[in-house]
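Worksheet: one structure, shown below.
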Number of protein chains: 2
Amino acid sequence: MFRFIENGSVTSTKGFKAAGIFCGIKRKRKDLALIYSSLPCTTAGTFTLNKVKAAPLLLSQSIVLKNKTSKAVIVNSGNANACTGEEGYKDAITMQTWCAEKLNLKPSEVLVSSTGVIGQRMPMDTLKKGIEDIVPQLSECGGIDAAEAIMTTDTKIKSFAVNISLSKGNVTLGGIGKGSGMIAPNMATMLGFLSTDASIEKSLLQKLLSEAVQVSFNKISVDGETSTNDMVILMANGAAEIKIEDDSADCLSFKEALIAICKEMAKSIVSDGEGATKLVTIKIKNAKSSKDANLVGKSIANSALVKTAIHGADANWGRILSAAGQSGADIDPAKVSISFDDLPVLLPEYELRLNEESASKILSQAEFCINVDLGQGSEECTWWTCDLSEEYVKINADYRT
Amino acid sequence: MFRFIENGSVTSTKGFKAAGIFCGIKRKRKDLALIYSSLPCTTAGTFTLNKVKAAPLLLSQSIVLKNKTSKAVIVNSGNANACTGEEGYKDAITMQTWCAEKLNLKPSEVLVSSTGVIGQRMPMDTLKKGIEDIVPQLSECGGIDAAEAIMTTDTKIKSFAVNISLSKGNVTLGGIGKGSGMIAPNMATMLGFLSTDASIEKSLLQKLLSEAVQVSFNKISVDGETSTNDMVILMANGAAEIKIEDDSADCLSFKEALIAICKEMAKSIVSDGEGATKLVTIKIKNAKSSKDANLVGKSIANSALVKTAIHGADANWGRILSAAGQSGADIDPAKVSISFDDLPVLLPEYELRLNEESASKILSQAEFCINVDLGQGSEECTWWTCDLSEEYVKINADYRT
């Protein structure tokens, strides 16, 4: 059992503090965030599969792999510190070291994360001043500020928390995220920082996070791009003094809640995708294999032609079928049926049931579901995508200027 | 040795006639094309890899596979006859039969091709009248009309021919094509109809066409989509009375010319891509394997972020490197160098040489080259792409209305 907490955040969780400030890396908006737990946290992470990995990501990945616990994450927006070579890696270490000094921690207890423009050196003087300024700002209500400070072209704060009832009491799970452009399948997909006051061993924590990411952040697409800096981090500090053991009923409850919050975060990223005006759920049913279900969902979610048709509220089911056909999955187009929400559009054997007016009404909504029944087996999966608008092009035609 | 013929077309070739008319499938523009050779033609073809294949494509594919020769291709635009089931397949056969009757041919000598909206039945009465009208229009100067009649959202006619000097005389090779949206790698990728008056055996003709398609039509991307109707057909009628044998010097000359005309056709499709304002050549060098070279080229050519940056003339080399990194190829980002035409932008070890002003000048041109040296081996390949503009979204948001 779990319930979402109103205005929840990464600091809804016992023992976590956070802050978010403007330090001058961006022109005006907040650009530096810090999340901190006084208790050591077992830490799990998922990281980009792009061969080009940003310096802070490499540093944080090595810490999550090598160390059992961490206590803080420092995150800047405005500069990705990616494609910056040896010097960039040194900058990430310096950022980590400065932050550790101010918090009286070992550098290896501090994770580092960056997002923004690729290929520019980090303005280290600005950052140093920022780190000095942010540490005294740490607060138990700082989660929303932190969520604001990690945004790039995001227009809305992504911040959630759930309260989970377990056999021995309640624990809390909170998270903040950022997305917008460069959102695509097959890895952590964006920045997400999750905190819990449950006590969970590292290997179990990693297993739970990897499974949750697989059905949430790895099932969304804004533009089919995989960034150099994407990561999702989950820190568990045990402040609630409730331990979650593998294969227990409590573990199942925690997992359900973790998946739910990750899905909400993922959906909030898609619906705030660059230029997006619609959040579309794509449900694939009755595939031969789960791999096929995933391929078809991914292909539809990534299709520029489907996404532009959605933008125009055009019930172009042919593009959906064509995207399924080019997915690489083993499908038989004559067995496919398609519906928009509850409105049948295409039945097997190409039997058309399209009521253009009703269909267009559904596709004009801010949220709706495209159901694709492959009619070949029993595997299924769910993807989320957004429409592709002129605004996406405008935003990305001169992102750096 | 070969040279392009001014205003060349599929009827620049001896023994071929063609016509293109308006018959009423579209609202105003020409929508029916016919190509015809009085001599039987050995025929080769490449066809879409989309699992959803249009009825006329299935019919033509089976003819190319089973029969040695053909004499005509009937092509309509405005209606794809795709996702139309059994009835649609019968319509394609009827279209073939009507055309064969009017030309005094066996149905199996007539190929059928369609392009346009998916999932609507073909207006057969309109088509019947059209076939009656077009046959008397066949002419040795009809190639350009045919090129016009196969266009959908294309803004320019795609028509070329080359004259090839061989040891025993000259042969001609002509072609017309259409593209615009749904242009992507890994198959025939659009409609292309090529004619030659050389005499070439079927198996050799197919080998030559497949090789040429691989380095031309299969190396372009407008939006990463693979259509249900894509095909490229090459017909050889032997009217020049010059036979081309495998592994001969003449064969090499013909192959060079075939690749050249296919590349010109492919490039003309990209530069006339929906909403495109720029034609960009992407040259990948020094990859570990040819597979890696192709993956990197494809990933850059398909990247929405690269294509929007190109649209904005923004020298965002980080997106190019990131696209290479997410391609699945085995690359070491620190070894990569990037240049725009002759202007170095990135050297190995992330050494930045970016002169924003000079770079932006190059990226503002209608045509330029992005060179990506992976620094790891000796394999290479070339891709072509276009920019992604607001206009692409506008065109595709309500294509059917």
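The values are calculated or read from the model by the stated rules, or taken from the named source; none is laboratory data. From a predicted model like this one, the values you see are computed outputs, not experimental measurements. Glycine also receives a Cβ, built like all others from the backbone with ideal geometry; neighbour counts cover every protein chain displayed.
For segment A:364-386, the condition of being buried (at least 19 other Cβ atoms within 10 Å of the Cβ) and facing chain B (nearest Cβ under 7 Å) holds for none of the residues. Suppose we filter B:20, B:45 for residues that are more than 14 Å from chain A (Cβ to nearest Cβ) and closer than 22 Å to residue B:214 by Cα; which single one remains? Only one candidate qualifies: B:45. Has segment B:201-223 got any residue that is within 21 Å of the chain's Cα centre (by Cα), assigned to a loop (DSSP other than H, G, I, E, B), modelled with pLDDT of 95 or more and more than 14 Å from chain A (Cβ to nearest Cβ)? So far as segment B:201-223 goes, no, none of its residues is within 21 Å of the chain's Cα centre (by Cα), assigned to a loop (DSSP other than H, G, I, E, B), modelled with pLDDT of 95 or more and more than 14 Å from chain A (Cβ to nearest Cβ). The set of residues from segment B:195-226 being closer than 18 Å to residue B:271 by Cα and either touching a residue at least 40 places away in the same chain (Cβ under 8 Å) or hydroxyl-bearing (Ser, Thr, Tyr) (or both) comprises B:213, B:215, B:216, B:217, B:219, B:220, B:221, B:222, B:223, B:224, B:225, B:226.
With B:346, B:321 as the choices, which residue is in the same structural domain as residue B:391 (by TED's automatic domain parsing) and over 16 Å from residue B:292 (Cα atoms)? Answer to the check: B:346. Among the conditions (1) free of Cβ contacts under 8 Å to residues at least 40 places away in the same chain; (2) outside any helix (DSSP H, G or I); (3) facing another protein chain (nearest Cβ under 8 Å), the only one that residue B:329 does not satisfy is (1). Looking only at residues in segment A:290-305 that are in contact (Cβ under 8 Å) with a residue 24 or more places away in the chain, within 16 Å of residue B:51 (Cβ to Cβ) and out of contact with any strand residue (DSSP E or B) (no Cβ under 6 Å at 6 or more places or on another chain), the one that is farthest from the other protein chains (Cβ to nearest Cβ) is A:291.
Within segment B:267-282, the set of residues being closer than 15 Å to residue B:381 by Cβ and touching a Gly at 6+ places or on another chain (Cβ under 8 Å) comprises B:282 only. Take the conditions within 14 Å of another protein chain (Cβ to nearest Cβ), basic (Lys, Arg) and closer than 21 Å to residue A:192 by Cα and apply them to residue A:51. Does it pass? So residue A:51 fits the description; yes. Scanning segment A:57-71 finds one or more residues that are surrounded by fewer than 22 Cβ atoms within 10 Å (Cβ to Cβ), assigned to a loop (DSSP other than H, G, I, E, B) and away from every other protein chain (no Cβ under 14 Å). Put simply, of B:255, B:285 the only residue that is in contact with a helix residue (DSSP H, G or I) (Cβ under 9 Å, 6 or more places away or on another chain), farther than 30 Å from residue B:52 by Cα and outside any helix (DSSP H, G or I) is B:285.
Just give me the residues in segment B:337-363 being assigned to a loop (DSSP other than H, G, I, E, B), out of contact with any strand residue (DSSP E or B) (no Cβ under 8 Å at 6 or more places or on another chain) and within 12 Å of chain A (Cβ to nearest Cβ), in sequence order. B:349, B:350, listed by residue number.
Of the residues contained in segment B:21-42, none is found to be more than 21 Å from residue B:131 (Cα to Cα), buried (at least 20 other Cβ atoms within 10 Å of the Cβ) and among the aliphatic types (A, V, I, L, M).
Name every residue in segment A:103-116 that is touching a residue at least 24 places away in the same chain (Cβ under 8 Å) and surrounded by fewer than 24 Cβ atoms within 10 Å (Cβ to Cβ), in order of residue number. Answer for segment A:103-116, where residues must be touching a residue at least 24 places away in the same chain (Cβ under 8 Å) and surrounded by fewer than 24 Cβ atoms within 10 Å (Cβ to Cβ): A:103, A:105, A:108, A:109, A:116. Residue check: is residue A:308 surrounded by fewer than 24 Cβ atoms within 10 Å (Cβ to Cβ), touching a residue at least 40 places away in the same chain (Cβ under 8 Å) and either within 11 Å of chain B (Cβ to nearest Cβ) or not aromatic (Phe, Trp, Tyr) (or both)? Taking the combined requirement at face value, the residue does not satisfy it. Here the condition is being assigned to a helix (DSSP H, G or I), of a type outside the set (D, E, K, R), in the same structural domain as residue A:259 (by TED's automatic domain parsing) and buried (at least 24 other Cβ atoms within 10 Å of the Cβ); of A:161, A:100, A:147, it holds for A:147 alone. The condition (being within 14 Å of chain A (Cβ to nearest Cβ) and crowded, with 22+ Cβ neighbours inside 10 Å) is satisfied by just one residue among B:130, B:142, B:119: B:119.
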